[in-house]
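Asker: Submitted below is the structure of interest, expressed as structure tokens.
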Amino acid sequence: MKKEIKTQITIEATPDRVWEVLTDFEKYSGWNPFIRSIQGKVQTGEKIIVRLEPPGAKGMTFKPKVLVFETNNQFKWIGHLFFPGLFDGEHRFELIDNGDGTTTFIQAEKFKGILVSMLSKMLDGSTLNGFKAMNKRLKIEAEK
């Protein structure tokens, strides 16, 4: 079973400003309502520690592997619930330079595994709402 959630928002700031806010992980607890913390060496191939707290759902801490970390462009990781194949999530943040001083910020996640259908309602509810809440707060922070 596979499923994807994808959101986007236009931010009145350049990609380098959006990237600066997005990758200042020490400040997440002050503005980010969905991803409360990211710890560890954030670079391609490394494992990091991520704390998620979706609105209206139980929070979780997991240790995904960074797949892509390209300055001002894309940050992607893959995480697994217990073991690969059960419930895997490939999370992506992408910044698109609109050429006019604004940035399109995309937050998406591709889910696959045998538990996806059982967790589909949660993904369409609290997880999607978490993406949207984070996007809105990122926009506010980057536009300051």
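The values are calculated or read from the model by the stated rules, or taken from the named source; none is laboratory data. Since we're looking at a predicted model, the values are computed, not measured. FYI the Cβ positions are ideal-geometry reconstructions off the backbone, even for glycines, and counts take in every protein chain you see.
Asker: For a quick check of your reading of the model, give me the residue pairs whose first member lies in the range 41-64 and is at pLDDT below 95, whose second is of a type in the set (Asp, Glu) and assigned to a loop (DSSP other than H, G, I, E, B), with beta-carbon atoms closer than 8 Å and at least 6 apart or on different chains.
Answerer: These pairs meet every condition: Gly59/Glu53.
Results for (1) in contact with an Asp or Glu (Cβ under 6 Å, 6 or more places away or on another chain); (2) surrounded by 16 or more Cβ atoms within 10 Å (Cβ to Cβ), shown as yes or no for each residue.
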| residue | (1), (2) |
| --- | --- |
| Thr10 | no, no |
| Arg17 | no, yes |
| Val21 | yes, yes |
| His91 | yes, yes |
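Asker: Just to be sure before I move on: is Gly85 in a strand (DSSP E or B) and in contact with a Gly (Cβ under 6 Å, 6 or more places away or on another chain) in the structure I sent?
Answerer: Judged against the criteria, Gly85 is not a match.
Asker: Which residue is farthest from Pro15 (Cα to Cα), if the candidates are limited to the range 65-94 and must be modelled with pLDDT of 95 or more and among the acidic types (Asp, Glu)?
Answerer: That would be Glu90.
Asker: Restricting attention to the range 1-44, which residues are out of contact with any Leu (no Cβ under 9 Å at 6 or more places or on another chain) and of a type in the set (S, T, N, Q)?
Answerer: The answer is Gln8, Thr10, Thr14, Thr23, Ser29, Ser37, Gln39, Gln43.
Asker: Looking only at residues in the range 23-42 that are among the polar types (S, T, N, Q) and surrounded by fewer than 20 Cβ atoms within 10 Å (Cβ to Cβ), which one is farthest from Glu141 (Cα to Cα)?
Answerer: Gln39
Asker: Those residues that are more than 14 Å from His91 (Cα to Cα), within 14 Å of the chain's Cα centre (by Cα) and outside any strand (DSSP E or B), I need them from the range 43-72; list them, please.
Answerer: Matches in the range 43-72: Glu53, Pro54.
Asker: On to the next question. Step by step: first the residues of the range 93-131, then only those that are exposed (fewer than 15 other Cβ atoms within 10 Å of the Cβ) and in contact (Cβ under 8 Å) with a residue 24 or more places away in the chain, then the one that is farthest from Lys63 (Cα to Cα). Which residue is that?
Answerer: Gly101
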